[in-house]
Amino acid sequence: MPEHEAGGPLGTPTLEVRDFLRRSREQIAQRWADEPLFRTVFTLSRDEAVEAGKAVVDALAQVADAQRVEDSDAAGFTGVREQLARMSASRSRAGLSATQVSNELASLWPPVDKLLASELEERPTEELRACTTTLSTLMGTLRVVAMQTALSEGQALIDRQRLQLLEVATPVIRLWDGIVAVPLIGTLDSARSQVVMETLLNAVVDQHARFAILDITGVPTVDSLVAQHLMKTVAAARLMGAECVVSGIRPAIAQTMVHLGLDLGSVLTRASLADALGYCLNELGVAVSSPAAGSAVRR
C-alpha cells in the first residue's frame, strides 16, 4: 500500500497532486460533466463530456508528473489544446465574452479542490495547504492554456475571414467572350494586391480570356509596393497569353507612378473602363456603335 494511503508522510506537493489526479480521475470527470463548460458543449451525450473531462485530468497529471505546473508550454497540454479550443470556441459562438469563458474555466477548480481537501483532511494543515496551492497553480495554468489556444484559434479564424473578404471584394467580371475585368474600389495594400493578381490570373485561365482589364477608378491612391504589384500582374497576365489593360488611373496615382520612376512603357492604359472595353472589343473585331444607334454587334 502506498505511503500516502497508509497514513505515511506526503511526497512533494506536485507529485502528491499527480497521484491524487490519477486516483480521482473518474470522480473529477463526473463532476466536471455537470459544469456549464462541459455540459453545454457536449450536449448529445453526458458520457462524451465525462470522457473529455478524463482527457483533461490525464493532461494535468502528466504536467504534474513533469513538475511543470506553472508552464503553459508543458508537453502534457499538447493533447488537449484542440479540445480546449473547441470548447472555448463553442461557448464564444453561444455569445459568451472572453471573460465569461474564462470564468467558466475557473469554475472547474472548486470541485477538484473539494475532492483534494476531502482526501487529505487528516493531513497537517501546512501539507494540505501546499498541495492545495500546487493544484490551484496547475488549474490556473490550464486556464491560461485554454485562453491562449482560444485566442490563437480566434486569430486564425479572423485571418481566414479576412482573406475571404478580400476575395469577395475582388470580383472578376466576364464582360464579353474573351474579356474579363476586375473593378477595384477602396484602398489597395500589398495583401489585397496579391489577391487581385491571383484572382485575375485564375480568371484568365478559366475564361480563356484574351484581355484582362484592371480598373482602378475607385482606388484613391497607391504606394510603391502596390504599384509594383500592379505591374507584376500586367506582366503575369501577358505571360499567360492575355493582354492586360489598366483603366481609370487617377491624377494622383499617375503622379505617384511617375515619381517612383516606374516604367509604364509596356503597360496599356485607358482613361476609363468604357474606353478599355471599347479597345478590347475592337481588338476582337467587334464593332461598337453609339448608344443612339444601337448595341454592340459582331462584324
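The values are calculated or read from the model by the stated rules, or taken from the named source; none is laboratory data. Keep in mind the model is a prediction, meaning the values are calculated, not measured. Every residue, glycine among them, receives a Cβ derived from its backbone with ideal geometry; neighbour counts consider all protein chains shown. The accessibility values were calculated without ligands, DNA or RNA, using every heavy atom of the protein model including side chains. Shrake-Rupley method; radii C 1.70, N 1.55, O 1.52, S 1.80 Å.
Output the relative contact order of the chain, whole-number percent, from Cα pairs under 8 angstrom with separation of 6+ residues.
Relative contact order, the chain: 12 percent.
Keeping all protein chains in place, calculate the accessible area per residue for the range 190-299 (probe 1.4 angstrom), answer in Å².
52
Please work out how much length the chain gains when fully extended from LEU175 to LEU239, using 0.36 nm per residue of separation minus the C-alpha to C-alpha distance, in nm with one decimal.
20.9 nm
How much accessible surface area, in Å² rounded to 10, belongs to the heavy atoms of LEU128 with a 1.4 Å probe?
Answer for LEU128: close to 40 Å² accessible.
Charges only on Cβ, +1 for Lys and Arg, -1 for Asp and Glu: so what's the dipole of the range 15-97 about the Cα centre, in debye to the nearest 20?
That gives a dipole near 260 debye.
Hydropathy at least 0.0 by Kyte-Doolittle, axial extent at least 30 angstrom from the Cα trace: which helices of the chain, defined as entire DSSP H runs, fit?
Passing helices, by number: 125-168.
Probe of 1.4 angstrom, ligands and nucleic acids ignored: what's the accessible area per residue over the range 53-93, in square angstrom?
47
For the range 1-144, give the percent of accessible area contributed by carbon and sulfur heavy atoms, probe 1.4 Å, rounded to a whole number.
47
Restricting to bridges with both residues inside the chain, how much of the DSSP beta-bridge set is antiparallel, in percent to the nearest 5?
Roughly 25 percent of the beta bridges in the chain run antiparallel, per DSSP.
Modelled label-to-label distance, GLN194 and ASP263, 7 Å Cα→beta-carbon offset: nm?
If labels sit at GLN194 and ASP263, their model points lie 2.6 nm apart.
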